Every structure is written in C-alpha cells, then in structure tokens.
C-alpha cells in the first residue's frame, strides 16, 4: 500500500513539474475545438523548421509563442523574442499527447491541429533561432523581413477551420461551415426548416491577392508586430462576401440562388439574398447568420 502511494505521489510530482516547466498550452483543432493543458509527448524541447530555400532553423519550445499549421506540415512559428520562422516542421511525432489540468491525456493528430499557443514566459537564454547548417541563408525567413511578415499573414488567412452555423434567418438556418483564418465562411451545408429543404452555399471571401495588398500597405505604414498586423489586416479585409446557393424546397424541388453577407462582427453576418426554384417560386433570405 505504501509502495503504491509513493508511485502515485511520484507521478503527480512529474505531472506538476511538466506544467511548471512549460506552462499552459492552448491547442485549436480544425473542428473548432479549443483544448488547454501541456503537450507531454510528440513535441520535443527543440523543433526544426526547413525554409523554402532548404535552410534549417531550430526553435526551443520554452521560447515559442505560437505555431500556426498549414497544409503538409507547413508552419509559421513565432517566438517570444520577436522572430517568425516560415517553413516545414520536422522532428515531431504524428500524434501529440495533451495532458489536461485534470490529469487526462488526449491524443491529437498533428494534421488536425490549426494552432498551438504557448503561455509561458520567454526564455532568457541564448537566441532560439539558429541555422543548423554551416552556410548562412541568403534570406532568413524571420519577422524582420517584410515578405515573411506578409506571408505569415497569408498563411493564417488561408487556414481551414470547421464551424457550426445557426441563423435567425428566413434562408439558411442550421448547418456546418468551413471558415478561413479571418473567420469568413468558405462554404456551408445546411437546412432550411421553413422551406423543408437542404442548401449548399459557396462563399467568395477576399482573395489572397487582396489580403496581400492590405497587409503590404500596413507593413509599409509601420505595422511590424505580427499579432497586431494580423488583427488589423482582418479588420480591414472586405466586410461583404457574395455567395451562390444550390438546394431544394419541399424536400425535392431544386432551387438556385445568390446573395451577400455583410459582416457585423467576427462571428455574425447579415444575410441578404434570394432563391428561385424550378416551379418558379421565389424566396428571400433575410436575417443574421452566426458562425461559431
């Protein structure tokens, strides 16, 4: 009995030490889940990022502020000492083990993670980004470069995030959506309880070139902090999003429609549109949609 108590105490002490070393970490998944705890397996103390030029950089976990994930392990890593590294992530497992404050461990596929935010203080030791190759890169992908700043914003904007959608609306009222990193919808599959039908909406938010133009203007105007630049670019992005709609009325009667969303907040949009089914019956979409 005493031996069991000693083992349990040791495990609790190790868990406590892990939380003390790394602090609280927040993991956001593609499905929109927000999980907090400590990644105790799969993410080493030092990670490597390979840039598009083939140069390899390393970052110590204790000095990472956040990691944004793109496709095919593409990442944007921001450190507490003001660096941003853009490239492909290496040296990590396919699955992370996240221990929550309750002691439970959740397994998370790396490919399902959108972002990890690290809450601990910045390290006070040597700089965390060092080339591991003897040759010096011609253009290090750090925060100091204008192009790297803008590319980091574009990487964040081009993310895919799952969303539950509900509306106080005469059109689409309940569904599943996919959003970009700014919270703007890309498409929605849902139902209309008034018309007794289903609907697919394809939205057309601002293009990458439009977002790049906005971010470039902000950087030229003196915005060099990544978090502030990202938020300001999101704020200045177009607040009107056109869409087209395909669906059915009365379960089986096909309809075609179009409309426009007007941004009210980061999650709420005013919806104005209309549809026309094959029987020649029109319908107006009017109300507010929420993308949670």
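Being within 16 Å of residue 96 (Cβ to Cβ) and either not assigned by TED's automatic domain parsing to the domain that holds residue 93 or not in a helix (DSSP H, G or I) (or both) is the filter here, so list the residues in the stretch 60-75 that pass it.
64, 66, 67, 68, 69, 75
From the set of residues in the stretch 4-52 that are in a helix (DSSP H, G or I) and in contact with a strand residue (DSSP E or B) (Cβ under 7 Å, 6 or more places away or on another chain), which is modelled with the highest pLDDT?
22
Restricting attention to the stretch 254-273, report how many residues are assigned to a strand (DSSP E or B) and either modelled with pLDDT under 95 or under 18 Å from residue 235 (Cα atoms) (or both).
So the answer is 6.
Would you point out which residue out of 145, 190 is modelled with pLDDT under 85, out of contact with any helix residue (DSSP H, G or I) (no Cβ under 8 Å at 6 or more places or on another chain) and surrounded by 14 or more Cβ atoms within 10 Å (Cβ to Cβ)?
145
For the stretch 201-222, which positions are closer than 17 Å to residue 155 by Cβ and in a loop (DSSP other than H, G, I, E, B)?
Listed by number, the residues that qualify are 205, 206, 207.
For the subset of the stretch 47-66 comprising residues that are surrounded by fewer than 16 Cβ atoms within 10 Å (Cβ to Cβ) and in contact (Cβ under 8 Å) with a residue 24 or more places away in the chain, which member is nearest to the chain's Cα centre (by Cα)?
Among those that are surrounded by fewer than 16 Cβ atoms within 10 Å (Cβ to Cβ) and in contact (Cβ under 8 Å) with a residue 24 or more places away in the chain, it is 52.
From (1) within 23 Å of residue 33 (Cα to Cα); (2) surrounded by 14 or more Cβ atoms within 10 Å (Cβ to Cβ), pick out the condition that doesn't hold for residue 227.
Every listed condition holds for residue 227 apart from (2).
The values are calculated or read from the model by the stated rules, or taken from the named source; none is laboratory data. Fair warning: this is a prediction, and the values are worked out from it, not measured in the lab. Note that we place each Cβ from the backbone using ideal geometry, even for glycine, and neighbour counts take in every protein chain shown.
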